[in-house]
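Chemist: Sharing a structure, written as structure tokens. Questions coming.
The values are calculated or read from the model by the stated rules, or taken from the named source; none is laboratory data. Since this is a predicted model, take the numbers as computed values, not measurements. When we count neighbours, we look across all protein chains shown, and the Cβ atoms used for this are built from the backbone with ideal geometry, even at glycine.
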Amino acid sequence: MKKIVTIIGARPQIIKAAALSRAIRNDYSQMIEEIIVHTGQHYDSNMSEVFFAELQIPKPDYNLSVGSGKHGEQTAKMISGIENILLEDKPDAIVLYGDTNSTLAGAIAASKIHIPIVHIEAGLRSFNKSMPEEINRIMCDHASTLLFSPTQTGYENLKAEGFTDFSEGPYTADRPKIYHCGDVMYDNSLYFSELAKKESDVLSENFLQKGTFILGTIHRDHNTDNSQRLTSIFEALLTIAEKEKIILPLHPRTSKKMKEVLSDELNTQIVNCENLQLIPPVSFLDMVMLEESSTMIITDSGGVQKESYFFQKPCIILRPETEWVEIVENGSAIICNANKELIIESYQNFVQNPPRHFPNIFGDGQASEFICDQIIKYL
């Protein structure tokens, strides 16, 4: 029996962890014991707690309740809490997802006491080290023993940074193993899309019909905290809303910052625009339903960019770069940053020339099972 400690701290990590937890519960319960640690990096009932029940994830065995704070302060508290748990439970490995401060804290805590690190979503790069996420993912990768990249590009990024594709174990932090295994979020999208059709009421609750609206999300601080950028984005959305309905689930940060950084005049225009519908944060199943039912997606979320591809929707990216370069190269997504004119132009382009081809670049929907097999085999 292999014992793993899974670290989660933010909404996307809870969702990603659902895929691995489901695989363990269904197929590997006699071979893998999973201990779940919630750092409390983000802990809002709408953004976190409800996900455990909805995504059928066991409640965390530990909650560090760290909360928000400065990067250093927050990360330090998590390192200390995670280290204590690792020393007490003595797992065979720690499983980390993505690129949050929880990911970094788990990597530091485990590496210092020589516990193997499994990094899921390894190798992703924006090549922009001003992003805290970029530093977190690089640091985690270079301390890991098993690195699972969801894409071929991520796998090639690791090789470019000096990782060797060793064919045989044993594997250690000094001799790590890198994989191109597909994406656990694709596993989830296949599994939960059918469930969402049965259980989600988000369309009827918001008087929406499939194929009649654009889905938007804005949450990254470089957009929400910058008056010029957020103004440009909302001015573009208002222009697009003259032609097509936009539904915008509001992240708590965005809702707060809109009042702080946008002009009173622009806030009034947003409130009075019938075709720009602002709603509270939605659950994962509701988000899946909105993604699948939309005509197009406008977002600064890395996860939502990827899910737009899963559901074969054109995507406008509100960032200067993306880790998911494949969807841009495929022509199904356009990087627009916060450029008002480019956002509007890209919308018009997608209306006139919607993408038709969505090659299978994110695996076969069995990434979680593959990861479990490798953990059992090599750790």
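Chemist: Residues of segment 236-250 being under 15 Å from T217 (Cα atoms) and touching a residue at least 40 places away in the same chain (Cβ under 8 Å), which ones?
Modeler: A236, L237, I240, I246, I247, P249
Chemist: Just the residues that are out of contact with any helix residue (DSSP H, G or I) (no Cβ under 6 Å at 6 or more places or on another chain) and of a type outside the set (F, W, Y), please, taken from segment 204-218.
Modeler: Residues satisfying the conditions are S204, E205, N206, L208, Q209, G211, T212, I214, G216.
Chemist: Next question. Can you tell me which residue is farthest from P320 (Cα to Cα) among those in segment 198-246 that are in a loop (DSSP other than H, G, I, E, B) and among the basic types (K, R)?
Modeler: Looking at the filtered set, the residue picked out is K210.
Chemist: Then there's this: Take the residues of segment 177-232 that are hydroxyl-bearing (S, T, Y) and loosely packed, with under 15 Cβ neighbours inside 10 Å: which is nearest to I279 (Cα to Cα)?
Modeler: Once the filter is applied, the top-ranked residue is S204.
Chemist: Let me ask you something else. Looking at K16 and the list (1) closer than 23 Å to L379 by Cα; (2) at pLDDT 95 or above; (3) touching a helix residue (DSSP H, G or I) at 6+ places or on another chain (Cβ under 7 Å), which single condition is not satisfied?
Modeler: (2)
Chemist: Quick test of your reading of the structure: K59 fulfils all but one of (1) part of a strand (DSSP E or B); (2) surrounded by fewer than 16 Cβ atoms within 10 Å (Cβ to Cβ); (3) of a type outside the set (D, E). Name the failing condition by number.
Modeler: Result: K59 fails condition (1) only.
Chemist: Filter segment 284-331 for residues that are of a type in the set (S, T, N, Q) and either assigned to a loop (DSSP other than H, G, I, E, B) or assigned by TED's automatic domain parsing to the domain that holds G123 (or both) and give the result.
Modeler: Result: S294, T295, S301, Q312, T322, N330.
Chemist: Still on this structure: Take the residues of segment 159-197 that are in a loop (DSSP other than H, G, I, E, B) and hydroxyl-bearing (S, T, Y): which is modelled with the lowest pLDDT?
Modeler: Within segment 159-197, the match that is modelled with the lowest pLDDT is S167.
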